[in-house]
Amino acid sequence: MPHAACVQRPLWPRLFAGLLALLCAALPQRGVQAQGARNFATLALVAEPQTLDPMASSADLVATIMQHVYETLYTFDAKWNVVPMLAEGMPKVSADGKTYAITLRRGVMLHNGRELSADDVVASLQRWMEQSPRGKAMGRVVGSLRAQGALGIEVVLREAYAPLLAQLALPSGMAAIMARDAIASPLKDFVGTGPYRFKERRPDQFVLLTRFERYSARQEPASGYGGRRAAAIEELRFVPVPNAATRVEGALAGQYDYADLLPVEALPRLEKSGGKTLAIMTPAFGFAYLVLNTREGVAASQPLRQAIQTALGAGEMLAAGFGDTRFFVAEANHFPKGSPFYSTAGADQYNQRNAARARDAAAQAGYQGAPVRVLTSRQYDFHYNMAQLMAGQLRRAGFRVELDVVDWATLVQRRNDPKLWDIYVTHSGQLPDPMLSPPQLGDGAPGWWDTPAKRAALRAFNVEIDPTKRAALWGTVQQLIYDEVPYVNVGKFHGLSAKSPALENYQSAIWPFFWNAKIAPQTR
C-alpha cells in the first residue's frame, strides 16, 4: 500500500481523476441526475469479495454485502443479545438443553415470490452444516433436524451446546436461510428473504442490490441487527476499492456515500473536510490476530510457535498498525473488562518482545533457519504495517522471514493450503461469545489447530449451559491458547470509516448495514 505521502506526488490528482472516471463509467447508470433527489448509495469496500455465497466464506466482505440479501433465524441487538429475526420468537428449549423447538414468522416472502416454509429452513441449515466451517462444527453436534409442519423446526443435539443460537445469528459464515429450490453448489441464484435482492455483479467493479418490495419486516423497533428493517434506499452499489488512500480521497471528494476501514492517519483530514464527509469511529470494532500453521512448516512445532510468541511485541505491532493510541488497546485478556469472559490467564506470555529469550527457545526447539513465511495483504493497511513490524521482531530473534504480500482474495485462497504459509495476519470482530470468533476455535479452519487438550477444554466449555459456570471455564481455554499458540491475539482496536452527509440514519456496526439508512434529497 502506498504511504500517505504518495498522494502528494504531482501525478496523483490526474491518476485519481482518471480512476474515478473509469469507476463512474463502469457503474450502471439510471439516467442523468444533474439535480434533485437520488435513491442509490455508493459504498466503497476494501476488496472484491471472493464469493457471494454467505456459507462458503467467513470473510467480512461477504457478510457485509449478503446480510442484505439473506437473513438468519436469529440475530444480535445493539447490546449483542440474541434476538429472533426469521424465527417468531426465542426457541423452546428442553431442560437438558438438547432439543430446540423453533417457530417461523408467518407470511415471510422469499425473493422468488413465495412464502418461506420450514422446508426451506431445514434445507438451508443442512447446506450450512455441509459447507460452512462453522456449520460443519455444528453438524457434529446436531443429531437431527426436521420440519414440524409448515412453520416449525425441531433441532435435537447429541449433547448440550451453549453457543447454538449465537452461531445461528452470526453474519460471518452465515447460517443463511434461502429458497430450497435455489440451493446449489456452487450457488448461482441468490434467493433470500432480506430487504434487498441481488441484481448484478461485475467482478472488480460492483455488486448491485435493489429493494425487495415485498419484504416482510419485523415490528419491533430497530436495535443493532435486530428489529425492524426497511429498505429506504432503492439501490445499494458495493464497489471494491482496494487502495486505502483511494477510499480516503473518494470519501473526501464525495464519490462514496460510505467508505469502509480507513487508515487512522486519515482522521485529521476527515475532521477538517468542512462537513463534506463525516468520520465514523466504531468502538471495540475488533481484534487483530496472527494465525499460525500448526499442520506444516516451521510453525507446526509447538516449541517453535512458543518461541515466535516470545519474540513478539504486541504493543509495537498495534502502534505500527494504528499509530494513534486512541485506536488500540494492548492487553492480554481476549475479552474486555466487564465481559463475562474476562480473564488474565496466560498474561505473562503476552507482549514479551524478548528477542534473546526467543532465540534461545528456537535453538532448543531445533530451528535451523527455515523461512517463516508471513502471508499478508495491503487491502487492510494495518495488517500490512503490523506484518512489517513483526518481521523485524522475528529477525531480531534470529528467524529468517519472508513476507508474501498479496491482495485479500488471494490471501483467502492461499490460507487454505498449508504448504504456502506459516503465519497469516487477520482480524475479527469483538463478538460476545468466544465460539463466534476466531474460527480457529472451531474445527477445520486454516491453522488446523486440533489437539486433545483443545478438544477437552472446548467440549467442557460448550456443554456447560449455566452462564456463570461457562464464563469461568473460558480462562482454561485462554491459557491453552497461550500455551499451544494456534494464534496470537495482538490486541483490540477501534474502526475508522467515513460517510457522506447525504447518508442519513446510518448506524455504525462491525458488519456495516444499510437497511434503515436513507439518502437525503440533494443536488448531485
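The values are calculated or read from the model by the stated rules, or taken from the named source; none is laboratory data. Keep in mind that what you see is a predicted model, and the values were worked out from it rather than measured. So basically every Cβ, Gly included, is an ideal-geometry build from the backbone, and we count neighbours across all protein chains shown.
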Exercise for the section: Looking at (1) in contact (Cβ under 8 Å) with a residue 12 or more places away in the chain; (2) closer than 22 Å to ASP53 by Cα; (3) surrounded by fewer than 19 Cβ atoms within 10 Å (Cβ to Cβ), find the lone condition where SER172 falls short. Expected result: (3)
Exercise for the section: For region 146-161, name all the residues that are of a type outside the set (Phe, Trp, Tyr) and buried (at least 18 other Cβ atoms within 10 Å of the Cβ). Expected result: LEU151, ILE153, VAL155, LEU157
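When you scan region 421-440, do you find a residue that is assigned to a loop (DSSP other than H, G, I, E, B), at pLDDT below 95 and under 24 Å from ALA307 (Cα atoms), even just one? Let's see the steps before the verdict.
The initial filter retains those residues of region 421-440 that are assigned to a loop (DSSP other than H, G, I, E, B), namely 421-422, 430-433, 437-438.
So of that shortlist, the ones also at pLDDT below 95 come out as 430-433, 437-438.
Those still in the list that are under 24 Å from ALA307 (Cα atoms) too: 438.
So far as region 421-440 goes, yes, one or more of its residues are assigned to a loop (DSSP other than H, G, I, E, B), at pLDDT below 95 and under 24 Å from ALA307 (Cα atoms).
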Practice task
Can you work out which of the residues in region 26-54 that are within 13 Å of LEU208 (Cβ to Cβ) and at pLDDT below 90 is surrounded by the most Cβ atoms within 10 Å (Cβ to Cβ)?
Solution key: LEU27
Problem - Any hit, region 195-204, residues being in a loop (DSSP other than H, G, I, E, B) and at pLDDT 95 or above - result: yes
Handout entry: PRO221 assigned to a loop (DSSP other than H, G, I, E, B), within 22 Å of the chain's Cα centre (by Cα) and surrounded by fewer than 22 Cβ atoms within 10 Å (Cβ to Cβ)
Key = no
Fill in the blank from the handout: Every listed condition ((1) among the basic types (Lys, Arg); (2) surrounded by 22 or more Cβ atoms within 10 Å (Cβ to Cβ); (3) over 21 Å from the mean Cα position of the chain (by Cα)) holds for LYS276 save (2)
Exercise for the section: Kindly list, by first and then second residue, each pair from a residue in region 401-426 that is in the same structural domain as ALA320 (by TED's automatic domain parsing) and touching a residue at least 60 places away in the same chain (Cβ under 8 Å) to a residue that is in a loop (DSSP other than H, G, I, E, B) and surrounded by fewer than 16 Cβ atoms within 10 Å (Cβ to Cβ), limited to pairs with Cβ atoms under 8 Å and residues at least 6 apart or on different chains. Expected result: PRO418/ARG295; PRO418/GLU296; LYS419/GLU296
Problem - Odd one out for MET390, checked against (1) among the aliphatic types (A, V, I, L, M); (2) within 30 Å of THR246 (Cα to Cα); (3) touching a Leu at 6+ places or on another chain (Cβ under 7 Å); (4) surrounded by fewer than 21 Cβ atoms within 10 Å (Cβ to Cβ) - result: (4)
Practice task
Say whether the condition of being polar (S, T, N, Q), in contact with an Asp or Glu (Cβ under 8 Å, 6 or more places away or on another chain) and surrounded by 15 or more Cβ atoms within 10 Å (Cβ to Cβ) is met by at least one residue in region 367-377.
Solution key: yes
Problem - Selection count where residues are within 26 Å of PRO240 (Cβ to Cβ) and assigned to a loop (DSSP other than H, G, I, E, B), scope region 252-297 - result: 12
